[in-house]
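**Student:** Input: one structure, supplied below.
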Amino acid sequence: MTRDILFLLPPGFEDNGVRQYCPECAELWGVLNYFPAIRESLEITYVPIDKPRAAMSARLGDKNQNAPTLILHEDSPEYDNCGIMQYRGQRFINNARDIGRYYARRFGTPVPR
């Protein structure tokens, strides 16, 4: 099975002495809980709030370290209007709504509003 990699900030990370969460990452956790088949197709990797995020910059360069980011496996399908970008041949999507649109096309889930 091909597995895409989803980079998320962990829930309850600390930044500047304040415990926080990322709204876009939380949105994707909601989608994954609504549709468990998507979660089964992923490798989920938590990245720290501080940059550089080595696991991401090694694949996508220093300018592409947003969380959430979905890195598509080389065998994963590609669809129009899902915000797919490329860095040195690596395809990725770097925001929750476009990732949601991608899941809708790939897995038949509802489209995010």
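**Student:** Limited to segment 51-62, what total is found for residues that are outside any loop (DSSP other than H, G, I, E, B), closer than 17 Å to R91 by Cα and out of contact with any Phe, Trp or Tyr (no Cβ under 6 Å at 6 or more places or on another chain)?
**Tutor:** Qualifying residue count, segment 51-62: 4.
**Student:** Based on this model, can you work out whether A37 counts as closer than 17 Å to I99 by Cα and in a loop (DSSP other than H, G, I, E, B)?
**Tutor:** No, not satisfied.
**Student:** Filter segment 20-50 down to the residues that are in contact with a Phe, Trp or Tyr (Cβ under 8 Å, 6 or more places away or on another chain), loosely packed, with under 15 Cβ neighbours inside 10 Å and within 15 Å of A104 (Cα to Cα) and list them by number.
**Tutor:** If the condition is that a residue be in contact with a Phe, Trp or Tyr (Cβ under 8 Å, 6 or more places away or on another chain), loosely packed, with under 15 Cβ neighbours inside 10 Å and within 15 Å of A104 (Cα to Cα), then A37 is the only one that fits.
**Student:** Looking only at segment 87-96, which residues are free of Cβ contacts under 8 Å to residues at least 60 places away in the same chain and on the phi < 0 side of the Ramachandran plot? Walk me through it before giving the result.
**Tutor:** Step one: list which residues in segment 87-96 are free of Cβ contacts under 8 Å to residues at least 60 places away in the same chain, which gives 87-94.
Selection gives Y87, Q90, R91, F92, I93, N94.
**Student:** Then there's this: List pairs: first residue in segment 27-53 and more than 16 Å from D4 (Cα to Cα), second residue surrounded by 12 or more Cβ atoms within 10 Å (Cβ to Cβ) and among the aliphatic types (A, V, I, L, M) anywhere in the structure, Cβ distance under 8 angstrom, at least six positions apart or on different chains.
**Tutor:** Close Cβ pairs satisfying both conditions: E27/A96; P48/L9; I49/L9; R53/V47; R53/A67.
**Student:** Just a yes or no: is a residue in segment 4-18 under 19 Å from G100 (Cβ atoms) and without any contact (Cβ under 8 Å) to a residue 12 or more places away in the chain?
**Tutor:** no
**Student:** With the requirement that a residue be surrounded by 14 or more Cβ atoms within 10 Å (Cβ to Cβ), without any contact (Cβ under 8 Å) to a residue 24 or more places away in the chain, more than 13 Å from the chain's Cα centre (by Cα) and closer than 15 Å to I99 by Cβ, what does segment 54-86 give you?
**Tutor:** Within segment 54-86, no residue meets the criteria.
**Student:** Something else now. Of everything in segment 1-19 that's surrounded by 11 or more Cβ atoms within 10 Å (Cβ to Cβ) and in a loop (DSSP other than H, G, I, E, B), which residue is nearest to the chain's Cα centre (by Cα)?
**Tutor:** My answer is L9.
**Student:** Answer with yes or no whether N81 is under 19 Å from T109 (Cα atoms) and at pLDDT below 95.
**Tutor:** Criteria met by N81.
**Student:** Output the residues belonging to segment 74-102 that are assigned to a loop (DSSP other than H, G, I, E, B) and among the β-branched types (V, I, T).
**Tutor:** I84
**Student:** Mind checking which residues of segment 41-94 are in contact with a Lys or Arg (Cβ under 9 Å, 6 or more places away or on another chain) and within 12 Å of L9 (Cα to Cα)?
**Tutor:** V47, Q65, A67
The values are calculated or read from the model by the stated rules, or taken from the named source; none is laboratory data. Predicted model only: the values in this text are computed from it and were never measured. Cβ atoms come from the backbone with ideal geometry, glycine included; neighbour counts cover every protein chain shown.
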